[in-house]
1. Residues ALA155, ALA187: which one is under 14 Å from CYS120 (Cβ atoms) and either among the aliphatic types (A, V, I, L, M) or assigned to a helix (DSSP H, G or I) (or both)?
2. Out of region 159-178, which residues are of a type outside the set (A, V, I, L, M, F, W, C) and part of a loop (DSSP other than H, G, I, E, B)?
3. Any residue in region 76-90 that's under 12 Å from ARG39 (Cα atoms) and in contact (Cβ under 8 Å) with a residue 24 or more places away in the chain: show its pairings with residues that are β-branched (Val, Ile, Thr) and assigned to a helix (DSSP H, G or I) at Cβ separation under 9 Å, as long as the two are six or more apart or on different chains.
4. Just wondering, is there one or more residues in region 99-117 that are touching a Pro at 6+ places or on another chain (Cβ under 9 Å) and hydrophobic (A, V, I, L, M, F, W, C)?
5. From the residues in region 34-56 that are touching a residue at least 40 places away in the same chain (Cβ under 8 Å) and touching an Asp or Glu at 6+ places or on another chain (Cβ under 8 Å), which one is nearest to THR128 (Cα to Cα)?
6. Collect the residues in region 129-153 that are farther than 19 Å from VAL61 by Cβ and more than 21 Å from the chain's Cα centre (by Cα), keeping them in residue-number order.
7. Which of the following residues is open to solvent by less than 20 Å² (accessible area, probe 1.4 Å) and in contact with a Pro (Cβ under 8 Å, 6 or more places away or on another chain): CYS174, CYS167?
8. Please go through region 84-98 and pick out each residue that is among the small types (Gly, Ala, Ser) and either open to solvent by 30 Å² or more (accessible area, probe 1.4 Å) or within 14 Å of GLY40 (Cα to Cα) (or both).
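The values are calculated or read from the model by the stated rules, or taken from the named source; none is laboratory data. Everything quoted here is computed from the prediction, not taken from an experiment. Here Cβ is always computed from backbone atoms with ideal geometry, including for glycine, and neighbour counts include all displayed protein chains. Please note that ligands, DNA and RNA were not included when accessible areas were found on the heavy atoms of the full protein model with its side chains. Shrake-Rupley method; radii C 1.70, N 1.55, O 1.52, S 1.80 Å.
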Amino acid sequence: MKKLLFALIGMFLQPTPAALAAESSPAPRIAIIKADDLRGFSDKWDRFIALARKKQVKVSVGVIGNSLDRDPEGAYARWLVNLGHAGDVEFWHHGWDHAKNDVNGVTVYEFTRSGLSHQCEHLQKTLTVFREKTGITITTFGAPNNAMDADTAEALNDLPALTGVFCNVGESVCTPLLRGKVLMPMALRGEANGTGKPDFKKFKEAYAQRPSGLAFAALQFHPPYFSDQAFVEFAAIIDFLKAEGWIFMLPSEYLRLQGSKPLL
């Protein structure tokens, strides 16, 4: 009788097949499509979003703030609202004007060498106009040209509403100074041949050399500059990553996943 009892106890203490599968299954690999440079609606943006929906992947779109300031009749804002309500497109803060100027032989970007007051003003202006025109609150920032400096960190630290920050891998000027932010590094390069020029063959070659255990990557694309072939290359990259088991998320979903434990 005792032997039977111990045998039964042992059976109940053994992990179930489902538990064993859960223990052995790898952590999910998460990708965010970071689509840059929305300045207004266009056929290419419509095509890009339609293609993403066909592939059943979510996309995040970087809006340049002053584009909403040039929308007197509100048609552009209504288009953004309709896209946002669908639930598979999310907008992020891509600066106010995306300006790049030469000052005495030095390149000044919107968020590099432009000064703290300038950066604070531009961050707030885009947040304000986007909220006023669309009613949507932006939670993620990505600097034009991916160029940030110490002033950017100080300005962002004073804006708790902007929790997520897109960045280059190994960015060492701004990101070490950020506090309470979740970094979204571009650990896989979406456009191997330059702005608006994805190349699936090169992407696949680079992917094979990715760091071991890579579990998150933002992928940057510039749909306004896509050629017909670029759309084909983009679709091939998405198909490949889906086959590899990557899950596509919106920035807000990734931020919720991080919960109360930001990476910085």
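1. One residue alone meets the criteria, ALA155.
2. Result: PRO160, THR163, ASN168, GLY170, GLU171, SER172.
3. Within 9 Å, the pairs are ALA77/THR134; LEU80/THR134.
4. yes
5. Result: ALA52.
6. Those that are farther than 19 Å from VAL61 by Cβ and more than 21 Å from the chain's Cα centre (by Cα): ALA150, ASP151.
7. Result of the check over CYS174, CYS167: CYS167.
8. ALA86, GLY87
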